[in-house]
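Report on one structure; see the data block that follows.
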Amino acid sequence: MRIHGPVFCICALLALSTTAVKVDYTGHMVIRVSPKTEEQIKFLSDWESTSSIDFWSRAATTKTFTDIRVSPESYKHVAQILLDKKLNHKILISNLGELERQEQQEIALRRALYNGDKAIDVENYHTYEEVMAYLAELASTNPLVTTMVAGSSIEGRDIVQATISSDLSANKPIAWFDCNIHAREWITAATCVWIIDTITTGYGSDPEITALVDQYDWKFVPIANPDGYAFSWTNDRLWRKNRAVNPGSVCVGVDLNRNFPVGFGGTGSSNGPCSETFHGAAEFSEPESITLKNLIAADAGRVKTAISMHSYSQLWLSSYSYSSALPAEYPEMLRAMRAGVDALTATYGTVYDYGSTGTVLYIASGTTTDHYYKNEGVVHSYTIELRDTGLYGFELPPRLIVPTATETWNGIKAFINAI
Ligand code: 0X9
Ligand code: ZN
């Protein structure tokens, strides 16, 4: 099936615009706060856990930043709170609504210009259905690829895992990826799809890719949070959580990257359903997190590396995330991360920081990475925060998909050759 061209494009846009009233972010800004003391860092962290304010990034050290989305109505109030804490801020993005319109325009233009023969243009952003159609096409046309429905989301969408293998019966070690667990981080699904495409087209002609597929089975969950992702296309570009209805609250959604057991409910997560980091009623309360857990457990002993793709910040992160303690294998993790980051940076000069989440970033409890490492024994368990560092944030323009995916893939290849 081939889904593209101007006719499809117009229909798709009409469908999007008629099925839902989209949240309008006109005038919304992203402000950057640079805390100078530990006390200020703690204030910001507590503020996030106890409010419904949309934090886009969180400072862990006095060298990093906290980015916060503010509506035009709340700007004065937020600025005053920051001033009271002697926190300076600057405006990073001045109009998110405009940024979203530009993004949609670029997506539409690329769709209209696409004349390839695949179900989708892997250099563009796509809806959940389009990505699923691409995976189905790949599975039916490429003998390397199989897909399986690994679980079902709250709203009943399939959570699909794609496997690339040159010999399934060989039970090779596995390189495993979950992507787009946070709905608005569109670059993560796009990067995973681009990598799937690059591996499947390169096998047999590119010697490095051929060797990597002969050595490993490659498994991807390109859209780990289908409901949130679909909602971010139809209703709210900046949706982060899943779409769980929270009993007793008007607020929807659980942060799936706080719903795993390691440190569940601790620092860097919230017990308030209106918070963007709401951890859910209990560990593994959500079908989406159960599905990821089951997938890793089903391949126990074979998963050589498990990588969760996120954006943004340009970071390669290891455990621990729930505490600032370091894992026993940390020197080995650092060596592997360095190999990946060096190759990533060598591609276009994109600067990445790396290290344990608790030291490089901030404490986040109940994450995928700590679960894969601590409970499933995957030493090489990482979270990669893709581009950028805040110029576009979650709304990275489509023209940056290929450079982002290319450098990330170079990093992953070097990393996997080093472990
Ligand atoms: O806070 C998060 O869940 C991640 N950042 S994001 O901006 N994409 O939301 C970071 C989580 C890092 N922790 C690990 N899983 N190691
Ligand atoms: Zn994320």
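The values are calculated or read from the model by the stated rules, or taken from the named source; none is laboratory data. Predicted model, so just to flag it, every value in this text is computed and none were measured. Using ideal geometry, Cβ is built from the backbone for each residue, glycine included, and neighbour counts are taken over all protein chains shown. Accessible surface is based on the protein model in full, side chains and every heavy atom, while ligands, DNA and RNA are left aside. Shrake-Rupley method; radii C 1.70, N 1.55, O 1.52, S 1.80 Å.
Hey, rough spin-label estimate for Gln215 and Ala298, points 7 angstrom out along Cα→Cβ, what's it come to in nanometres?
2.6 nm
Would you report the distance distribution of C-alpha pairs in region 282-367 as whole percents per 5 angstrom bin, up to the bin with the largest distance?
3, 12, 18, 23, 21, 15, 6, 2, 0
Once the other residues with Cβ under 11 Å from the Cβ of Leu113 are scored (Lys, Arg +1; Asp, Glu -1), what is the net sum? Kindly include the intermediate steps, with their values, before the conclusion.
On the way: positive: Arg110, Arg111; negative: Glu106, Asp121, Glu123.
Around Leu113, the charge tally is -1.
Order Glu385, Glu329 by their accessible area, 1.4 angstrom probe, all chains in place, largest first.
Glu329, Glu385
In whole Å, what are the extents of region 27-177 along the principal axes defined by its C-alpha atoms, from largest to smallest?
Result, largest extent first: 61, 40, 31 Å.
In the structure shown, do any of Lys241/Lys413; Lys22/Lys76; Lys36/Lys374; Lys22/Lys293 have a Cα-Cα gap over 27 Å, and if so which?
Lys241/Lys413; Lys36/Lys374; Lys22/Lys293
With springs only between Cα atoms under 10 Å apart, run a GNM on the chain and tell me which of Thr368, Thr62, Thr404 wobbles the most.
Judging by the Gaussian network model, the answer is Thr62.
Using alpha-carbon pairs under 8 Å, 6+ residues apart, how would you state the relative contact order of the chain in percent?
On the way: 903 pairs, mean separation 73.5, N = 419.
Relative CO of the chain lands at 18 percent.
Magnitude of the Cβ-charge dipole of region 89-155, K/R +1 and D/E -1, about the Cα centre, nearest 20 debye?
160 debye
Using the Cα centre as the reference, give the magnitude of the dipole from point charges on the C-beta atoms of the chain (Lys, Arg: +1; Asp, Glu: -1; all else neutral), rounded to the nearest 20 debye.
In debye, rounded to 20, the chain gives about 660.
What translational diffusion coefficient, in µm²/s and rounded to a whole number, does the Stokes-Einstein relation yield for region 192-246 at 37 °C and a viscosity of 0.692 mPa s, taking the hydrodynamic radius as the Kirkwood radius over Cα pairs? Show your work: numbers first, answer last.
Working: Rh = 13.5 Å.
Approximately 243 µm²/s, per Stokes-Einstein.
Please report, in whole Å³, the volume per residue of the convex hull around the C-alpha atoms of region 49-98.
So the per-residue Cα hull volume is 101 Å³.
Using only the Cα atoms of region 148-260, what semi-axes does the equivalent ellipsoid have when each is the square root of 5 times a gyration tensor eigenvalue? Give whole Å, largest first.
32, 14, 10
What are the semi-axes of the equivalent ellipsoid of region 226-375, taken as the square roots of 5 times the eigenvalues of the Cα gyration tensor, listed largest first and rounded to whole Å?
For region 226-375, the ellipsoid semi-axes come out as 27, 18, 15 Å.
Looking only at the chain, where both bridge partners belong to it, what percent of the DSSP beta bridges are antiparallel (to the nearest 5)?
Roughly 55 percent of the DSSP beta bridges within the chain come out antiparallel.
Round to a whole angstrom and tell me the spacing of the C-alpha centers of region 318-345 and region 22-79.
With region 318-345 and region 22-79 each reduced to a Cα centre, they are spaced 27 Å.
Rank Ser51, Ser356, Ser381 by mean-square fluctuation in a GNM of the chain with C-alpha springs under 10 angstrom and give only the top-ranked residue.
For the chain, modelled as a Gaussian network with Cα springs under 10 Å, the answer is Ser51.
Might you report the magnitude of the Cβ-based charge dipole of region 328-411 about its Cα centre, with Lys and Arg at +1 and Asp and Glu at -1, to the nearest 20 debye?
It works out to roughly 100 debye.
Which listed residue (Gly202, Pro331, Thr146) has the Cα farthest towards the positive end of the charge dipole for the chain, taking +1 on Lys and Arg C-beta and -1 on Asp and Glu C-beta about the Cα centre?
Pro331
When N counts the residues of the chain, how does its alpha-carbon radius of gyration compare numerically with 2.2 N^0.38 Å, as a ratio?
0.93
Ordering Cys179, Cys274 by accessible area with a probe of 1.4 Å, largest first, what comes out?
From most exposed to least exposed: Cys274, Cys179.
Please report the spacing between the Cα centers of region 86-163 and region 360-419 in Å, no decimals.
Distance between centres, Cα-based: 17 Å.
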